[in-house]
Amino acid sequence: MTRNSDWQVTPPAPMNPAPEIQPQEFEEIRVLARRTSGLDLQPGKQELVSARLRRLVRGGGFRSFREYYHSVVADATGKALAAMIDALTTNHTSFLRESDHFEFLKSEVFRQWSGRRQIEIWSAGCATGAEVWTLAFLLNDALPTHMVRIAATDISTRALEFGQRALYPVSRCEGIPREWLARYFVAESPDAYRVAPRVRAQVTFERLNLVQPLAWRRSFPAIFCRNVMIYFDRPTQERVVQGLAACLEPGGYLFVGHAESLTRIAHSLEYVRPAVYRKPDPRGEKCSRP
Ligand SMILES: C[S@@+](CC[C@H](N)C(=O)[O-])C[C@H]1O[C@@H](n2cnc3c(N)ncnc32)[C@H](O)[C@@H]1O
C-alpha cells in the first residue's frame, strides 16, 4: 500500500499561516465527507475539521479551505479525497478493547466452529490493527496456524499502513498478556514490538469503504465492526449494517462497539448479548442467550 505522496508534492509554505476555515467552507467539506465516507461531522466539529485539514491545506499551498476543497473535488484519481478522509478519521483503538467480546468468542463461539477447515474473521474498520492482532492471537491460541485468516479493512490508508507494519511502541503493548508477547511478537528494539511474521502472514489489509457496495465473494462466520458506525448518521448505519449482515454466513456473528446499539435501526439480525448480533440460521439452532 503506497502513501499518497504524489498528491502532497507541493512544498509547504512556512511563511504562509494556514487560513481560517469559514462556515460555508466547513459545510462543503462536511457534505463531501458524508457523501463519500458516511462521516457525520456535526456543526460543532468545525474547529476539529480545521485542525485536521490544516496540514493538507498548508502543505498544498492553498490560500483558503475553498481552494483546497475544489482541488479535492477536481482530483479524478481520488487520492486527494482519500487523503482528506484519512485526515478526518479517528483511528483510536487498543489491544483487547471491549474484552468481553473476546471472552464470548472463546467461551461460546469457538466450539460452534469445530470441524471447519478454516476460520476467517473480518475486522471492518480495523484502524491501526490492534483489534486484528487480538483476534489473530485468540484464534491462534485455539487453532492450528493454517486455519486462521483475518480480513482487515479500513477507509484510512494511513491506519492500514500502520496496521500492516504491525510495529507497536512498548507503551501501546501494555495490557497485552505476557504469554502473547512471548508467543506472537518479536522485540524489534528496546522500545517496540512487532507482530511475528507467521501471524502477519495470516492477515490481509485492504482499503474498503463501508458506505460503498461491498464486493466480497465470500461470507464470514464473524465480522467485527466496532466503533466505526458511531461516526455515521442513522440512515448510513442502517445501510452499513444491512450490508454487513449480507456478508455473514447463516449463524454468523456481528460484533459492534458497546456504544453502538442497533435497537433503533432496521436489520435482520438476532440480538445475542450487548453489542453482539447473529444472522438467523434457518437450518441451525437459535443462538443461546446468556
Ligand atoms: C475508532 S476506529 C475503531 C477501530 C477498532 N474497530 C476498535 O474498535 O478499536 C474507527 C475506524 O473506522 C474507520 N472508518 C471510518 N469511516 C469508514 C468507512 N466509511 N469505511 C471504512 N472504515 C471507516 C476509521 O478510519 C477508523 O480507523
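Rule-based calculations on the coordinates, nothing more; no lab input. Note that the structure is a prediction, hence the values are computed from the model and not measured.
The figures follow:
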quantity: Relative frequency of Cα-Cα separations exceeding 14 Å in the stretch 23-88, percent; calculated: 52
quantity: Principal-axis tilt of helix 79-88 within the chain, Cα atoms, nearest 10 degrees; calculated: 70
quantity: The stretch 19-152: radius of gyration and largest Cα-Cα distance (Dmax), Å; calculated: 20.4, 61
quantity: Of 180, 133, 216, the one that fluctuates the most in a GNM where the chain has Cα springs shorter than 10 Å; calculated: 216
quantity: Over the chain: helical MRE at 222 nm, DSSP H runs n ≥ 4 each giving -39500 (n - 2.57), nearest 500; calculated: -10000 deg cm²/dmol
quantity: Hydrodynamic radius (Kirkwood) for the chain, which is based on Cα pairs only, to one decimal in Å; calculated: 20.5
